[in-house]
1. If you take the residues of region 337-393 that are in contact (Cβ under 8 Å) with a residue 60 or more places away in the chain and aromatic (Phe, Trp, Tyr), which of them is least open to solvent (accessible area, probe 1.4 Å)?
2. Tally up the residues in region 42-85 that are in a strand (DSSP E or B) and open to solvent by 50 Å² or more (accessible area, probe 1.4 Å), please.
3. Just need a number here: residues in region 1-18 that are among the hydrophobic types (A, V, I, L, M, F, W, C) and part of a loop (DSSP other than H, G, I, E, B).
4. Within region 430-487, work out how many residues are under 30 Å from ALA384 (Cα atoms) and either in contact with a His (Cβ under 8 Å, 6 or more places away or on another chain) or open to solvent by less than 70 Å² (accessible area, probe 1.4 Å) (or both).
5. In region 19-35, which residues are surrounded by 13 or more Cβ atoms within 10 Å (Cβ to Cβ) and either in contact with a Lys or Arg (Cβ under 6 Å, 6 or more places away or on another chain) or not in a helix (DSSP H, G or I) (or both)?
6. Would you mind stating whether THR427 is touching a Gly at 6+ places or on another chain (Cβ under 7 Å), in contact (Cβ under 8 Å) with a residue 12 or more places away in the chain and at negative phi?
7. Filtering region 144-182 down to residues that are among the polar types (S, T, N, Q) and in a helix (DSSP H, G or I), which residue is farthest from GLU72 (Cα to Cα)?
8. Considering region 104-121 alone, what residues qualify as being open to solvent by 50 Å² or more (accessible area, probe 1.4 Å) and in a loop (DSSP other than H, G, I, E, B)?
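The values are calculated or read from the model by the stated rules, or taken from the named source; none is laboratory data. Every value quoted in this text rests on a predicted model; they were computed, and no experiment measured them. Note that each Cβ is placed from the backbone with ideal geometry, even for glycine, and that neighbours are counted across all protein chains shown. Only protein heavy atoms, including side chains, enter the accessible area calculation; ligands, DNA and RNA are left aside. Shrake-Rupley method; radii C 1.70, N 1.55, O 1.52, S 1.80 Å.
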Amino acid sequence: MAEEAILGYLQNHEEISDSGQFATDHGLDHSDVVNVIKSLHGFRYVDAQDIKRETDVLTEEGEKYAEQGSPEVQLFLAVPAEGSILKEELQKLVDPAVFKIGCSQAAKNKWVQMGNQISRKVQHVEDRIKDLLLQIRDGQEIDTGDKKSLKARKLIAVQTWKGYSVRKGPDYAPIRRRTATDLTREYLQGGDWRNIEFKEYNFSAKGPPPEGGHLHPLNKARITLFFFNLFSLFLYILNESYTLNFHTSNQIFKRHWDGISVEGIMYQSYVKERLKDIFRLMNFEEMPTNRYVESSFWNFDALFQPQQHPARDSHDTFFLKAPETTKQLPEDYVELVKRVHESGGYGSRGYGYDWKREEANKNLLRTHTTAISSRMLYAVAQLAKQQSFTPKSYFSIDRVFRNEAVDRTHLAEFHQIEGLVCDRGLTLGHLIGVLQDFFSRLGMDKLKFKPAYNPYTEPSMEIFSYHKGLGKWVEIGNSGMFRPEMLRPMGFSEDVNVIAWGLSLERPTMILYGIDNIRELFGHKVDLALVKRNPLCLIGIQ
């Protein structure tokens, strides 16, 4: 209806000067008129020019005062004409909001005497505020100073009206020609296609963005290198020979291609996969990590952690109700672990308590991936009894669970990264060297080590790295050498030592993505938009 009215009006008139007035004159809704004008303008039936008008309208508070009177007049009328009234009594007679504003404005206008007793200074007042509000509601103009005063009191606001002036366009017609968007079978069979006007295709228009899968930031990082074949050809042309790996190719790229943008990403990896790549480059083997439910024996006792340790309390650990206990443990090894706990051995006095098998049998959700390490080391020691000892380097990256209060930096489950080296003659110097090699591949060249305590490592060290963005040293992990009380009962000889370290996956990822609340990174409160919009991030390539 609006379209016929607009095109029909323009057939006999030069212009529609105001779409708002046009809608009123023809009994149309202005929003419908605006939508039709936009459509006709898009198909060049009309040319449209924007019209904007700013008008003052009453706010909700202004409407209230226009009906009931201004707060100062309401308060003035509540004060007795003769004598005075207690402030507390007056407060009961008017609305609390009216009382507060009315006292201020009435005192400012010198209408009342304020104090514990409130009395009138004058006998008659005019409600100028109400009069001004009624004038604005009726569409009348008021003085600029009055308007400014009403805006300051938030009794009026500026409302912008938008409309159009309309003229005939280059393709004007009294009736819109319907265009077809598709060439159908019926058009071809009936021959209608010869007389039908088809809508033009806009080949420059962008289609909807593809809704592909998105990786969570914990799994996301970027290593941008270019196709190895292209790179190899480029190096061949330069008559240079390199063994292409992550580090040399990146150095060559920086030297030869600095500042050049080339389309085509060779490698897109992810935080966990990148860390795994680093471990593999260092000749580490990945440990199986699919055992989320573990016995207290492998999680605590095998690591020489006493049964009265606070970490074994239900406030810190998730114990299972079903199955509540494990059914199978290596009995010979269990007896050796019990003995070293109770009376020591291998140069240790032990803990001197009665070790309980029922505590070791309790099932739990593993509190650290070191439970996996204890199983793997035991298997290595048993294999060494049958054949010659073979040094091993292991790593794992997977979830662990702690019964902790959830806050900005703690969750009940998180990811732990762990690495260990088992070999003869290892010392603290070897541990520091391996740590420097490992963390340098993560882009952390400045490291510091601080002595610490762990039940199953001695010596133990906390690892700190200098964070340029924060401008301070940040703790990034823990490390140490496994104690003889842990290794000797497994069956390792005295010259075999194990160095190990661990860190969380969440902390470096939070730093990389600038996230300060771990609940935004992992768990049921993760914003899905965060997963989509976060870019791939650089990790490990300098």
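1. PHE389
2. In the first step, residues of region 42-85 are kept if they are in a strand (DSSP E or B); the result is 46-58, 84-85.
Next, only the ones that are open to solvent by 50 Å² or more (accessible area, probe 1.4 Å) stay: 47, 49-50, 52-55, 84.
Residues flagged as in a strand (DSSP E or B) and open to solvent by 50 Å² or more (accessible area, probe 1.4 Å) within region 42-85 amount to 8.
3. At the first step, the residues of region 1-18 found to be among the hydrophobic types (A, V, I, L, M, F, W, C) are 1-2, 5-7, 10, 16.
So of that shortlist, the ones also part of a loop (DSSP other than H, G, I, E, B) come out as 1.
The number of residues fulfilling the criteria is 1.
4. Total meeting the criteria: 24.
5. HIS26, LEU28, listed by residue number.
6. Details: touching a Gly at 6+ places or on another chain (Cβ under 7 Å): no; in contact (Cβ under 8 Å) with a residue 12 or more places away in the chain: yes; at negative phi: yes.
The answer is no for THR427.
7. Narrowing region 144-182 to residues among the polar types (S, T, N, Q): 144, 149, 159-160, 165, 179, 181.
Going one step further and asking which of them are in a helix (DSSP H, G or I), we end up with 144, 149.
Values: THR144: 22, SER149: 15 Å.
Here the answer is THR144.
8. ASN109, LYS110, MET114, ASN116, LYS121 - these are the residues of region 104-121 that are open to solvent by 50 Å² or more (accessible area, probe 1.4 Å) and in a loop (DSSP other than H, G, I, E, B).
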